[in-house]
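**Student:** Would you mind keeping the following structure in view while I ask a few things?
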Amino acid sequence: MDYYYYYTTPLALLLAWTLVQGFTLLLALTTNRSRRKLPPGPSPLPVIGNLHLLGNQPHRSLAKLANFHGPTTAVVISSSYMAKQVLQKQVSAFSSRSIPDLVQIDNFHLLSVAWLPTSWPQWRNLRKILNSHIFSVNNLDASQHLRLKKIQELLVYCQRCSQMGEAVDIGAAIFRTMLNLLSNTLFSKVLADPYENSGKEFMEMAKGIMLELGKPKLVDYFPVLKVIDPLGLRRYNSRIRKLLKLFHELINERLELRKSQNDQKTDVLEALITASEHDPQEIDRKQIATICLVSYL
């Protein structure tokens, strides 16, 4: 019996390896025939495609591939037929974007204008609200003094550190300035004070979510892995929930403030709450909190 396994096991492994290599070669030949009209690029492997070429720094890997295969990063539509296909027939496929698994937790992507399909009425309603209350020319001009004030505070902070002989973490200082600029625009509040070291937890949560959203993940390329949740990515859902809880608290605080005071704020939160009171079906508190979260991300 040992003599039988001694000779048959290597032969079985050799046969299996030969079959795999033959299948891979056949698949590569078939794929190359179908790719004759595609732009130049690396030949993909079965199952994983070209994922192995991305590495842990995709932007550098893509730059190296561009040096070898050419710098063309777009497909030019050169005929009226293809333009009609892209802009009319298949507009939903070309105008939408892939949704990372991380933002699909608790259907978060269905409440955000950043992830909703552009063909949905909900996306058009949210876009109309954002254009009217956040990105309009009048609102941007009205908040210009806030941006100037935060830049001046950043310069004063750097000058003070220089006078005291302290090193300045430029990245952290700019990140804190951007958070305060957004918090002033949205809530008329300062969430991160550099002198009192306040808002550190908020900064860490926002930074952690942004880092995770920017990382390439296997589950986004192989949706079947959602069942096993590789790398425990869904644990970052707690950070999103904490931020949403904070924004809900700010919304409730503003609602209580509106009851006790006659004068109203002129920030984004006030405009969104007013829009919600006029038409609750168009935007509710949950969507307001989601808009605030997406603004930070």
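**Student:** Report D for the stretch 101-296 in µm² per second (integer): Stokes-Einstein, Kirkwood Rh on Cα pairs, 20 °C, 1.002 mPa s. Before the final figure, lay out the partial values.
**Tutor:** On the way: Rh = 18.7 Å.
Estimated diffusion coefficient is 115 µm²/s.
**Student:** Please compute the net charge surrounding Met210, taking Lys and Arg as +1 and Asp and Glu as -1 over other residues with Cβ under 13 Å from its Cβ.
**Tutor:** Details: positive: Lys207, Lys215, Arg239; negative: Glu204, Glu212.
With Lys, Arg at +1 and Asp, Glu at -1, the net is +1.
**Student:** For Lys226, give me every one of the lysines with a C-alpha distance below 21 angstrom, ignoring sequence neighbours fewer than eight places off in its own chain.
**Tutor:** Within the straight-line cut-off, Lys226 pairs with Lys215, Lys217.
**Student:** If the limit is 27 Å between Cα atoms, which of Lys149/Lys286; Lys128/Lys265; Lys128/Lys245 go over it? Write out the running numbers ahead of the final one.
**Tutor:** On the way: Lys149/Lys286 31 Å; Lys128/Lys265 21 Å; Lys128/Lys245 25 Å.
Long pairs (Cα-Cα over 27 Å): Lys149/Lys286.
**Student:** Still on this structure, I have one more. Can you give the translational diffusion coefficient of the stretch 148-225 in µm²/s, computed by Stokes-Einstein from the Kirkwood radius over Cα pairs at 20 °C and 1.002 mPa s? Walk me through the numbers before you get to the answer.
**Tutor:** Numbers: Rh = 14.4 Å.
Answer, rounded: 149 µm²/s.
**Student:** Right, here's the next one. Below 19 Å, Cα to Cα, which aspartates and glutamates can Lys259 reach? Residues fewer than 8 away in the same chain don't count.
**Tutor:** Straight-distance partners of Lys259: Glu249, Asp267, Glu270, Glu277, Asp284.
**Student:** If we sort 250-259, 282-291 on the protection proxy, mean other Cβ atoms within 10 Å, highest first, what's the order? Please report the intermediate quantities before stating the final value.
**Tutor:** Values: 250-259: 14.0, 282-291: 19.1.
Descending packing order for the listed peptides: 282-291, 250-259.
**Student:** Then there is this: Quick one: compute a quarter of the convex hull surface over the Cα atoms of the stretch 110-202 and quote it in nm². Walk me through the numbers on the way to the answer.
**Tutor:** On the way: hull surface 30.4 nm².
Across all orientations, the stretch 110-202 yields a mean hull projection of 7.6 nm².
**Student:** If you don't mind, there's one more thing I want to ask. How large is ³J(HN,Hα), in whole Hz, for each residue of the stretch 41-47 in order, when computed from phi with the Karplus curve 6.51 cos²θ - 1.76 cosθ + 1.60 and θ = phi - 60°, using x for Gly and Pro?
**Tutor:** x, x, 7, x, 8, x, 6
Readers should treat all values here as calculations from the given coordinates under stated rules, not as data from a laboratory. These numbers were taken from a predicted model, which means no experiment stands behind them. Backbone-built Cβ (ideal geometry, glycine too); neighbour counts: all protein chains shown.
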